[in-house]
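Take a look at the structure set out below.
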Amino acid sequence: MKIESYLFGGVALFFAVTTFVYGWWSDVEPAGTAALTVAFIMSSLVCFFLFIQYRRRGTRPEDHKDSEVQQRSGPLDFFSPRSIYPPLTAVGFSIVALGVIYGVWIFLIGIGVLAAGVLGFIFQYEERDG
């Protein structure tokens, strides 16, 4: 993940320079500067996450030129075969987006549905070991 960290570091650097130049030349328009600042922060966050993952786990088989496919084989993680929570979360997010457009009461209903979906994701397999 070291290469990916460098990649997103370059993206963050690009957005930092672009934010500075845009903010310097456009005194009147703060929305673009704010959007570029958010893009810089988000790419910096991804860069930081990937760098920390590299420091914790080290190199992967993909990082070596002489690695074989078999070195990465095996189970990756546990994924739920049948779960209602991904569609529930999507519906909740859609209702939240409609609530932003049409009214606070729809937004609040959407927050409830979204919270149910996210909490279901979190606690679906809490009794599962590993």
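Details
- Selected residue (only one of 101, 106, 95, 41 is β-branched (Val, Ile, Thr) and assigned by TED's automatic domain parsing to the domain that holds residue 11): 41
- Qualifying residue in region 22-36 (condition: assigned by TED's automatic domain parsing to the domain that holds residue 8, polar (S, T, N, Q), within 22 Å of residue 4 (Cβ to Cβ) and at pLDDT below 95): no
- Residue within region 57-67 that is within 26 Å of residue 121 (Cβ to Cβ), modelled with pLDDT of 80 or more and either assigned to a helix (DSSP H, G or I) or not acidic (Asp, Glu) (or both) present: yes
- Among the conditions (1) more than 30 Å from residue 114 (Cα to Cα); (2) among the small types (Gly, Ala, Ser); (3) at pLDDT 80 or above, residue 74 misses just one, which is (3).
- Members of region 5-26 that are closer than 18 Å to residue 54 by Cα and surrounded by fewer than 16 Cβ atoms within 10 Å (Cβ to Cβ): 6, 7, 10
- Residue 72 of a type in the set (Lys, Arg), farther than 26 Å from residue 15 by Cβ and loosely packed, with under 10 Cβ neighbours inside 10 Å: no
Per-residue answers, yes or no, for (1) in contact with a His (Cβ under 9 Å, 6 or more places away or on another chain); (2) surrounded by 15 or more Cβ atoms within 10 Å (Cβ to Cβ); (3) among the β-branched types (Val, Ile, Thr):
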residue: 49; (1), (2), (3): no, no, no
residue: 52; (1), (2), (3): no, no, yes
residue: 79; (1), (2), (3): no, no, no
residue: 86; (1), (2), (3): no, no, no
residue: 92; (1), (2), (3): no, yes, no
residue: 100; (1), (2), (3): no, no, yes
residue: 108; (1), (2), (3): no, no, no
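- Annotation note: of 38, 118, 113, the sole residue that is surrounded by 12 or more Cβ atoms within 10 Å (Cβ to Cβ), under 19 Å from the mean Cα position of the chain (by Cα), in a helix (DSSP H, G or I) and in contact (Cβ under 8 Å) with a residue 24 or more places away in the chain is 118.
- Residue 54 being touching a Lys or Arg at 6+ places or on another chain (Cβ under 9 Å) and of a type in the set (Ser, Thr, Tyr): yes
- Of all residue pairs spaced 6 or more apart or on separate chains, those with beta-carbon atoms under 7 Å, a first member in region 80-91 that is under 13 Å from residue 123 (Cα atoms) and a second member that is assigned to a loop (DSSP other than H, G, I, E, B) are 80/124; 83/124; 85/124.
- Number of the condition not met by residue 50 [criteria: (1) without any contact (Cβ under 8 Å) to a residue 40 or more places away in the chain; (2) of a type in the set (A, V, I, L, M, F, W, C); (3) part of a helix (DSSP H, G or I)]: (1)
- Selection count where residues are in contact with a Leu (Cβ under 8 Å, 6 or more places away or on another chain) and polar (S, T, N, Q), scope region 15-46: 2
The values are calculated or read from the model by the stated rules, or taken from the named source; none is laboratory data. This is a predicted model, so every value here is computed, not measured. Positions of Cβ are backbone-derived with ideal geometry, glycine not excepted, and every protein chain shown enters the neighbour counts.
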